[in-house]
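K.L.:
Pasting in a structure now, in structure tokens, and then I'll have a few things to ask.
Bear in mind that the values in this text are calculations on the coordinates, not laboratory data. Remember, predicted model here, so these are calculated numbers, not experimental data. All Cβ positions, even for glycine, are placed from backbone atoms using ideal geometry, and neighbour counts span all protein chains on display.
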């Protein structure tokens, strides 16, 4: 899985609520009949959502889109995007399609160029996989491998084990004073192992307890600036899910995370600054989600709306890293 995260980290909280529904129809070769597929595109998916639809030369598709794009800039827009932002200039790695409206829906086929889609309908042709994305500014490239196993441990319980390998590759940028920003000092490998025990309480109710250990290993292993972000993390968590008789569902959870950073985090942030204490972060996370089935207007496509609240609070002994995040989430999911 390959993802690009856009915009500075402080803007990510609101990006997660972005939802767009994209419908693509491909004409058959021998008959005028068409088939229609529905895809969900989130704004954290650059270089894009691979639909799995492989186009052949001479067989174009027609794409239309509906939904709302909220990039964390204080406003929302449609898949047509906005011309308020100049996409030909960027302090990071550039927009997906420079010159096109910011935050609008774009697409490409195979290794071909990105093209503006907007709300459509737009005909797209080429040879290769059909991919959708939002025209946002790229800030971080991240790749993840996550194998997992699940083993029954009794009539009412199950043990789940996972191992995650994560690669973070930050793009360079420009500070407000015009100097180059050293975002790439955050380039790192992250290794995480986790265990979770899931208990079946009956009547579609589940309770789980879990533990995760992870280690952040910066790529710049001889660079003090990079090593200041190396850490060992320990996380304990618990949560529940409950499907009600009306097919409504709800889930919630709590996690506590402790991160102990490398001795390099003691280093002063600038010449003349006092030496900082070795960094220790205590992070609390709480979430609650409500899943609401929507009327089946487009059979056999089933729609579900999810509403919820996600909150994260970090208490660090280096106050520059203290933060509180409270995110409201509204999303719509389409399933075939």
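K.L.:
Using a basic spin-label model with each label point 7 Å from the Cα along Cα→Cβ, how many nm lie between residue 234 and residue 150?
P.N.:
2.9 nm
K.L.:
For a footprinting-style exposure proxy, rank 226, 64 by other Cβ within 10 Å, fewest first.
P.N.:
Result, fewest neighbours first: 64, 226.
K.L.:
Quick check: residue separation of residue 263 and residue 166 times 0.36 nm, minus the Cα distance between them. What number comes out in nm?
P.N.:
32.6 nm
K.L.:
Along Cα→Cβ, 7 Å out, is where each label goes; now give me the distance between the ones at residue 76 and residue 298 in nm to one decimal.
P.N.:
Distance between label points: 1.7 nm.
K.L.:
Can you tell me the length gained on complete extension of the stretch residue 309 to residue 199, counting 0.36 nm per residue apart and subtracting the Cα distance?
P.N.:
Once the chain is fully extended between residue 309 and residue 199, it gains 37.2 nm.
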